[in-house]
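The values are calculated or read from the model by the stated rules, or taken from the named source; none is laboratory data. Keep in mind that what you see is a predicted model, and the values were worked out from it rather than measured. Cβ placement follows ideal geometry from the backbone for every residue including glycine, while neighbour counts extend to all protein chains displayed.
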Amino acid sequence: MKFTKAISLGLTRTIRSAKSILIIWLITFLGFALFAIPLKGSIFQALGNSYGTELIRDGFNIDFWADLASVASFLPMISRGGLFLLFLFFIIYIFLNGGLFDSLRSNSCSYRISSFFGSSAKLFGSYLVATLLVVLMIIFAAGLIIGVPVLISRVGGSSDIDTMQAIYKITRIIFLFASLIFLLVIDYTRAWLAANDHKRVFKALGYGFKATFTSFFGSYIFMLLITAIQILYVWIVTRLLSGMQPSAPGGLFLLFILAQVLFFLKLVLRAWRYGGVTTLYET
């Protein structure tokens, strides 16, 4: 079946593109390293050195780190660079995806670093426009699938909290499964753009929709399986890190190394998805 071929060949192409994945990891690491020093200063300024250290030594407290986003004292830190960093990495990843998709093609066996950055630069504009268009489609679909039923139930005078929660839960699940279709569309679009020299974004998006629905069963099953693997990976990482209790500088260093390895594996899983869709595109 097509999805089994996409899984096996996608993984093979991902392993072959290890150099490209390493480049993406290195750029990400350097970007966060430049942000780490002011971030550390803001954390200690907001919480105090002793309090922050005690929380770290008590273990990897997920609730604590999640609560940081709602602490008012962290708003200056966000305004100084947090939001800009998110936007910057959004742009950088769109740029790097061009080189990654190009390296995952069947004729990219001996791929060079110069080719990676050349493809990234050539495809950046097209990838940016295509990504923004699909993001708008996802937002519209979310409003249609989740927002409209909730709004109708409220307009209809339904005040039952349990009913509202049930509607929201069901529509959210439907949206999550529907969002996989948009992931297929953008991946097919980027695969098409990487394989063709011209930069016709709307033609590429048209092909993305056509390829998604022409071989819908195989494509959707592949995306569903790879997404399930990614969700399982996130769950395992969360469970693993939640049990960590670094109580010495050496332990913190090992936790840092482990975090980098886990992040690299996350990039591998993403490349696996791209490689699988590229395989489907070429078959």
(message) If GLN45 meets every condition in (1) closer than 25 Å to ASP187 by Cβ; (2) more than 19 Å from the chain's Cα centre (by Cα); (3) modelled with pLDDT under 85 apart from one, which number is that one?
(response) (1)
(message) Which count do you get for residues in region 90-112 that are at pLDDT 85 or above and of a type outside the set (Asp, Glu)?
(response) 15
(request) Output the qualifying pairs, or none if there are none: Cβ atoms under 8 angstrom, residues six or more apart or on different chains, first residue in region 129-154 and more than 25 Å from LYS199 (Cα to Cα), second residue among the hydroxyl-bearing types (Ser, Thr, Tyr). (result) ALA141/SER179; ILE145/THR171; ILE146/TYR168; ILE146/THR171; PRO149/THR171; VAL150/TYR168; VAL150/THR171; SER153/THR163
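Please pick out the residue among ASN107, ASN196 that is more than 19 Å from the chain's Cα centre (by Cα) and under 30 Å from LEU88 (Cβ atoms).
Testing whether each residue is more than 19 Å from the chain's Cα centre (by Cα) and under 30 Å from LEU88 (Cβ atoms) leaves just ASN196.
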(request) State all residues of region 196-218 that are of a type in the set (Gly, Ala, Ser) and touching a residue at least 24 places away in the same chain (Cβ under 8 Å); if no residue qualifies, say none. (result) ALA204, GLY208, ALA211, SER215, GLY218
